[in-house]
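Working notes, structure below.
Laboratory data are not the source of any read-out in this text; all were calculated from the coordinates shown. All values reported here derive from a predicted model rather than from experimental measurement. Glycine gets a Cβ as well: all are built from the backbone with ideal geometry, and neighbour counts include every protein chain shown.
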Amino acid sequence: MFLWAVMASTFLMAQKSEKPVDTRDYMYKHESSGGVRIQTNGVSPYFQFGWIKDIKRTRMIEVEYTYFINYQQKRQKSITQNGRDFQFGVQNRFHAIRVSVGFKRVIADKAPRNGVCLSIVGFAGVSLGLLKPYYLKLIQPGPDSIAVVIKPERYSEGNADRFLDPNYIVEAAPIRYGLNQMQPVPGLHGKLALDFDWGSRDKVVKALEAGVMLDLYYKNIPVMVNKTNRFFQIGAFIGFHIGKRW
């Protein structure tokens, strides 16, 4: 009886030690998700689509829009009670549309029921930067010494003394000013991140990511008037996206 008990327990332990066949490689072939990244230099909504090669590897494409923000810019109040606040010293707003191809590689898979799947994610592609002139409503002398004229103006050497003097700035001009004067600035883009997917079901994408990104352009981007402008944008980010696999 003792021998039979030992043999039975050994058989059961062997059954438990066998690795079950992971059928997820065959269940899901695609994934898609959308989310938002908060960066040290802006904010980016984005959309991803992936082709699942196997349980460890996914090929991806991504489309992303970025609104760059210099957090050192000085926001100032309008001199009028209901006027629009303005950014002092800004001559252009800078936006970018990115199209990238990339990969996702699983480093540590989640537990069968719960847990977090840790992956490394990388993207590289092209960027289309968009420079939009920043308009302020400035005071300028009228046709006589008493009258004054208030009109929207973009920065130029001719109005630099008033554009950079808060005493002449009434408020920020409406956003529509400068839309027909936007200039394209092509460039390249890349990012590398860690992806933490804690979705309770494999068919649900629910992930947090953290990483760094770099944009390179063919010329300096003239965002500020009296500060050094660079041909590159580099930043760290945290993002969240949600989606599905099928």
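Points to keep in mind about this one:
- Selection of first residues in the range 214-240 that are over 30 Å from PHE196 (Cβ atoms) and touching a residue at least 24 places away in the same chain (Cβ under 8 Å) and of second residues that are hydroxyl-bearing (Ser, Thr, Tyr) and outside any loop (DSSP other than H, G, I, E, B), restricted to Cβ pairs under 8 Å at least 6 apart or on distinct chains, gives the following pairs, ordered by first then second residue: TYR217/SER127.
- Scan of the range 189-213 for residues that are touching a residue at least 24 places away in the same chain (Cβ under 8 Å) and basic (Lys, Arg), ordered by number: LYS191, LYS203, LYS206
- When each of VAL204, VAL223 is tested for being surrounded by 13 or more Cβ atoms within 10 Å (Cβ to Cβ) and either among the hydroxyl-bearing types (Ser, Thr, Tyr) or closer than 18 Å to SER44 by Cβ (or both), the lone residue that passes is VAL223.
- Contact annotation: residue pairs with Cβ atoms under 6 Å, 6 or more positions apart or on different chains, pairing a residue in the range 27-45 that is within 11 Å of LYS244 (Cβ to Cβ) with a partner that is crowded, with 19+ Cβ neighbours inside 10 Å and of a type in the set (A, V, I, L, M), are TYR28/ILE52; GLU31/VAL205; SER33/VAL205.
- Selection status of ILE238, surrounded by fewer than 17 Cβ atoms within 10 Å (Cβ to Cβ), of a type outside the set (Phe, Trp, Tyr), out of contact with any Ser or Thr (no Cβ under 7 Å at 6 or more places or on another chain) and over 30 Å from ILE139 (Cα atoms): yes
- Residues satisfying the criterion are absent from the range 204-214 (criterion: out of contact with any helix residue (DSSP H, G or I) (no Cβ under 9 Å at 6 or more places or on another chain), of a type in the set (A, V, I, L, M, F, W, C) and part of a loop (DSSP other than H, G, I, E, B)).
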